[in-house]
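First the structure, in the form of C-alpha coordinates, and then the observations on it.
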Amino acid sequence: MRQEITRSHKGWSLDNVVLANDVLKMLTKEEVTQPPAEGVYIYGLKVDGAAWRMSREKGGHLADPPPKQLYSDLPVVHVNYFHQNFFLFINLLFLGLCNK
(Lines give C-alpha, C1' and ligand atoms only; values in the text may rest on other atoms or scores of the structure.)
Protein backbone atom coordinates (compact mmCIF):
# COMPACT_ATOMS: atom_id res chain seq x y z
CA MET A 1 0.00 0.00 0.00
CA ARG A 2 2.84 2.36 0.81
CA GLN A 3 4.28 2.01 -2.68
CA GLU A 4 0.87 2.54 -4.30
CA ILE A 5 0.35 5.80 -2.39
CA THR A 6 3.87 6.96 -3.30
CA ARG A 7 3.28 6.24 -6.98
CA SER A 8 -0.07 8.04 -7.01
CA HIS A 9 1.44 11.28 -5.64
CA LYS A 10 4.02 13.03 -7.78
CA GLY A 11 7.15 14.10 -5.93
CA TRP A 12 6.67 11.80 -2.93
CA SER A 13 9.45 9.40 -1.98
CA LEU A 14 8.96 6.18 -0.07
CA ASP A 15 11.09 7.47 2.81
CA ASN A 16 8.82 10.48 3.40
CA VAL A 17 5.53 8.59 3.67
CA VAL A 18 4.02 8.23 7.18
CA LEU A 19 1.33 5.75 8.25
CA ALA A 20 -1.82 7.13 9.86
CA ASN A 21 -4.94 5.31 11.03
CA ASP A 22 -8.36 6.27 12.29
CA VAL A 23 -10.85 4.05 14.10
CA LEU A 24 -14.25 4.77 12.54
CA LYS A 25 -17.74 4.71 14.03
CA MET A 26 -18.69 1.82 11.72
CA LEU A 27 -18.80 -1.25 13.93
CA THR A 28 -19.17 -3.92 11.21
CA LYS A 29 -18.00 -4.38 7.65
CA GLU A 30 -21.62 -4.34 6.46
CA GLU A 31 -21.84 -0.63 7.33
CA VAL A 32 -19.12 0.20 4.79
CA THR A 33 -20.84 1.27 1.57
CA GLN A 34 -17.93 2.66 -0.49
CA PRO A 35 -14.16 2.29 -0.53
CA PRO A 36 -12.17 5.24 0.84
CA ALA A 37 -10.76 7.84 -1.53
CA GLU A 38 -7.26 6.87 -0.34
CA GLY A 39 -6.03 4.08 1.87
CA VAL A 40 -7.90 0.98 2.96
CA TYR A 41 -10.54 -0.07 5.46
CA ILE A 42 -9.56 -2.93 7.77
CA TYR A 43 -12.00 -4.96 9.84
CA GLY A 44 -11.69 -7.99 12.08
CA LEU A 45 -8.94 -6.61 14.32
CA LYS A 46 -8.94 -7.61 17.98
CA VAL A 47 -7.60 -5.81 21.05
CA ASP A 48 -5.90 -7.88 23.74
CA GLY A 49 -6.50 -6.80 27.36
CA ALA A 50 -8.62 -3.76 26.49
CA ALA A 51 -11.96 -2.85 24.92
CA TRP A 52 -13.06 -0.16 22.48
CA ARG A 53 -15.81 2.05 23.91
CA MET A 54 -17.93 4.56 22.01
CA SER A 55 -19.12 7.60 23.96
CA ARG A 56 -20.54 11.01 23.08
CA GLU A 57 -18.02 12.92 25.17
CA LYS A 58 -14.81 11.24 23.97
CA GLY A 59 -15.85 9.59 20.73
CA GLY A 60 -14.12 6.22 20.67
CA HIS A 61 -11.47 5.31 23.20
CA LEU A 62 -9.71 2.36 24.79
CA ALA A 63 -11.09 1.23 28.12
CA ASP A 64 -10.76 -1.63 30.57
CA PRO A 65 -12.32 -4.83 29.24
CA PRO A 66 -15.33 -6.51 30.84
CA PRO A 67 -14.42 -9.17 33.43
CA LYS A 68 -13.11 -12.47 32.01
CA GLN A 69 -12.98 -11.13 28.45
CA LEU A 70 -9.50 -11.37 26.96
CA TYR A 71 -10.17 -10.03 23.45
CA SER A 72 -12.47 -7.31 22.15
CA ASP A 73 -13.34 -6.40 18.56
CA LEU A 74 -12.25 -3.09 17.09
CA PRO A 75 -14.57 -1.18 14.75
CA VAL A 76 -13.55 -0.63 11.14
CA VAL A 77 -10.13 1.06 10.89
CA HIS A 78 -9.16 3.43 8.06
CA VAL A 79 -5.44 3.12 7.27
CA ASN A 80 -3.92 5.87 5.16
CA TYR A 81 -0.54 7.45 4.43
CA PHE A 82 0.51 11.08 4.49
CA HIS A 83 3.61 12.96 3.44
CA GLN A 84 6.02 13.53 6.31
CA ASN A 85 6.00 17.33 5.82
CA PHE A 86 2.21 17.41 6.26
CA PHE A 87 2.50 15.33 9.42
CA LEU A 88 5.21 17.64 10.84
CA PHE A 89 3.04 20.69 10.05
CA ILE A 90 0.05 19.20 11.90
CA ASN A 91 2.23 18.30 14.92
CA LEU A 92 3.73 21.79 15.06
CA LEU A 93 0.28 23.34 14.75
CA PHE A 94 -1.06 21.13 17.54
CA LEU A 95 1.89 21.91 19.82
CA GLY A 96 1.46 25.62 19.13
CA LEU A 97 -2.21 25.47 20.10
CA CYS A 98 -1.47 23.47 23.26
CA ASN A 99 1.13 25.95 24.50
CA LYS A 100 -1.25 28.93 24.42
Only residues that are touching a Pro at 6+ places or on another chain (Cβ under 9 Å), among the polar types (S, T, N, Q) and at pLDDT 90 or above: list them for segment 27-48, please. none
Residue satisfying all of: in segment 51-62; surrounded by 14 or more Cβ atoms within 10 Å (Cβ to Cβ) and small (Gly, Ala, Ser); modelled with the highest pLDDT among these: Ala51
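The values are calculated or read from the model by the stated rules, or taken from the named source; none is laboratory data. Fair warning: this is a prediction, and the values are worked out from it, not measured in the lab. Cβ atoms come from the backbone with ideal geometry, glycine included; neighbour counts cover every protein chain shown.
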